[in-house]
Amino acid sequence: MKMHIKTGDTVVVISGSQKGKSGKVLQINKIKERAIVEGLNMVKRHQKQTDQNDPQSGGIIEREASLHISNLMEESRYNARRSK
């Protein structure tokens with residue numbers, strides 16, 4: 001399927017809980033039609049400590065979760081639509 005966004009594009013979320021926020025696309029999964037956007041849709045993951053001597057290796061880590069491609073729009077197209 002042809003994607004309307006690419007890795008590195010600046011996009012705006014047009015629907016959902018992150019609506020109106022923008023960020024840079026870090027990664028795209030074409031099979032699932034999802035994208036990871038920098039600084040958006042942050043989730044907390046509990047990671048087990050991997051090294052007994054290093055207490056910093058485990059804990060609660062916050063990272064980006066994926067968003068569906070249909071909820072994203074290129075920032076230039078979004079601004080053009082809003083200025084009409």
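Keeping to segment 64-83, report how many residues are of a type in the set (D, E, K, R) and either exposed (fewer than 11 other Cβ atoms within 10 Å of the Cβ) or free of Cβ contacts under 8 Å to residues at least 12 places away in the same chain (or both). The total comes to 3.
Residues in segment 11-53 that are farther than 17 Å from His68 by Cβ and modelled with pLDDT of 90 or more: Lys24, Gly39, Lys44, Arg45, His46.
Within segment 10-46, the set of residues being touching an Asp or Glu at 6+ places or on another chain (Cβ under 8 Å), surrounded by fewer than 18 Cβ atoms within 10 Å (Cβ to Cβ) and in a loop (DSSP other than H, G, I, E, B) comprises Glu38, Gly39. Scan segment 21-50 for residues that are in contact with a Lys or Arg (Cβ under 8 Å, 6 or more places away or on another chain), within 15 Å of Val11 (Cβ to Cβ) and of a type in the set (A, V, I, L, M) and jot them down. If the condition is that a residue be in contact with a Lys or Arg (Cβ under 8 Å, 6 or more places away or on another chain), within 15 Å of Val11 (Cβ to Cβ) and of a type in the set (A, V, I, L, M), then Val25, Ile28, Val37, Leu40 are the ones that fit. Of all the criteria given as (1) surrounded by 11 or more Cβ atoms within 10 Å (Cβ to Cβ); (2) assigned to a strand (DSSP E or B); (3) aliphatic (A, V, I, L, M), the one not satisfied by Ile5 is (2).
The values are calculated or read from the model by the stated rules, or taken from the named source; none is laboratory data. None of these values were measured; they are calculated from a predicted model. No Cβ is skipped: glycine too gets one built from the backbone with ideal geometry, and neighbour counts run over all protein chains shown.
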